[in-house]
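What follows is a single structure, written as structure tokens, with notes after it.
The values are calculated or read from the model by the stated rules, or taken from the named source; none is laboratory data. Predicted model, so just to flag it, every value in this text is computed and none were measured. Because the Cβ atoms are built from the backbone with ideal geometry, glycine has one as well, and the counts that use them run over all protein chains shown. Side chains included, ligands, DNA and RNA excluded: accessible areas come from the protein's heavy atoms. Shrake-Rupley method; radii C 1.70, N 1.55, O 1.52, S 1.80 Å.
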Amino acid sequence: MTGAREQDTDILSGSIVAGPSTSALLAALGAGQANARTGLLSSRKTEALWEGLTFFQRAVDSDPNQIVEEIRRIAGTRSVDRLIIECESDRPPMAYASLFSVPEHLLESLNEVAQLTATAYAIQPAALLGAILGPGTSSLPASFVAEQIEFVSDLFLEGIPGDNDFDLARAIALTLNPRAQIMPLIPPDVQRWHERRGTSFDFETALNGAGWRQLLDRGQPTRTADTKITAFGYRARRPFHPERFWNLLQQDLRGVFRAKGFFWLATRMDEVGGLNLAGTDLRCASAGAWWAARDQTSRESEMPERTRAEWKEPFGDRRQTFALMALDLDRATLQSQFDACLLTDAELAGGPESWTGFADPFPSWSSEAQAHHHHRHECDHDHGSEEHDCCHH
């Protein structure tokens, strides 16, 4: 099940919570005196004393099938009407949401006994800003925080609306995830979230609803977050000079807090470059092969329609397509910075054979296992011969 459906009142309603302020969220839920009988499935070693929550403990190292088995057991007892599933600090909501969405990968399905209705991330505004804006002193990995915010349906900020940090954190979160419901972490709002009824959580919509995907697929976010924030999709049909692009990524991107998509280096005509930047975390690695570098038979039988629509001779589907999000930077400035990394007319006229002589400081992309990591983030999905899922090439 990947699509949303109306909630069935006869099956267990499930919600996933994650983030450094999860304990505060659960405490607020208890303080709100939930009307429904609510269970908490957690790997905490001691039972939490939150009023109104029935505690179900699971092993820290539980595998997906064991977690599904436990949720089915809880549903079978009919001792609770709603179940909160708490993520460990190093496991994202997506990992648990997938248990409700891809039953073909599991020994048993949850579809007939439980339904996921929401995923939530809870964090203090200062912690969000420290991770996403840097300067790298936060203990929270920026890419991990950004990807969780981009996926969830709801975000709780443990702060006071109207405070400068709260408002900026909210604006950045809405840029990362335009479809998210963002609320202060206070008992009334937590309670309303908990009691909310509606359609099931849609896994595919969550994957496709991230702000960076909206910028690439639809040209703009679904809503404008804040006038201080610039967010747009960068596109070009000529390659980057690897040395100029490397220098830009390493030194001159102050203010850019998110960049994700794919790029084309003049020295690597066969390989798609995957770009994933969040805060001060930067990773660049192979995101598969350009369709233009594959044989004619493969292109005719396997190439996606959206790639055919993007095809342009003489270089086929090779292009620059990635999203940029920045604070206190205008679009024209950012556009010119990246345009300066493209090959000049004279360099382009030299052709691919001459481009192999350009200095290329990017590490080898010969294998995903050797992908280079920087402290300043590529796409972290597995890539096969099919289209690149993250970047849609």
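Table for the structure above
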item: Filter result (of a type in the set (A, V, I, L, M) and at pLDDT 80 or above) within the stretch 30-52; result: L40, L41
item: Evaluation of P20 against (1) modelled with pLDDT under 90; (2) open to solvent by 30 Å² or more (accessible area, probe 1.4 Å) (one fails), failing number; result: (1)
item: Test: residue in the stretch 77-90 that is open to solvent by 10 Å² or more (accessible area, probe 1.4 Å), touching an Asp or Glu at 6+ places or on another chain (Cβ under 9 Å), over 25 Å from L185 (Cα atoms) and at pLDDT below 90; result: no
item: Complete set of residues in the stretch 52-101 that are of a type in the set (K, R) and under 27 Å from P141 (Cβ atoms); result: R58, R91
item: Cβ pairs under 8 Å, 6+ apart, first in the stretch 73-91 and of a type in the set (K, R), second open to solvent by 60 Å² or more (accessible area, probe 1.4 Å); result: R82/R37
item: When residues of the stretch 252-266 are limited to those that are over 21 Å from the mean Cα position of the chain (by Cα) and open to solvent by 10 Å² or more (accessible area, probe 1.4 Å), the one farthest from A146 (Cα to Cα); result: D252
item: Which numbered condition V113 fails, given (1) open to solvent by 30 Å² or more (accessible area, probe 1.4 Å); (2) at pLDDT 90 or above; (3) among the β-branched types (V, I, T); result: (2)
item: Filter pass, A126 being farther than 22 Å from A278 by Cα and among the small types (G, A, S); result: no
item: Answer residue from the stretch 267-286, given it is in contact with a Lys or Arg (Cβ under 6 Å, 6 or more places away or on another chain) and buried (at least 24 other Cβ atoms within 10 Å of the Cβ) and is nearest to F362 (Cα to Cα) among those; result: N276
item: Count of the stretch 320-339 residues which are open to solvent by less than 10 Å² (accessible area, probe 1.4 Å) and closer than 13 Å to A236 by Cα; result: 4
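For (1) among the acidic types (D, E); (2) modelled with pLDDT under 90, each residue gets a yes or a no:
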| site | (1), (2) |
| --- | --- |
| L275 | no, no |
| E302 | yes, no |
| G316 | no, no |
| A332 | no, no |
| E353 | yes, no |
| F362 | no, no |
| S366 | no, yes |
| A371 | no, yes |
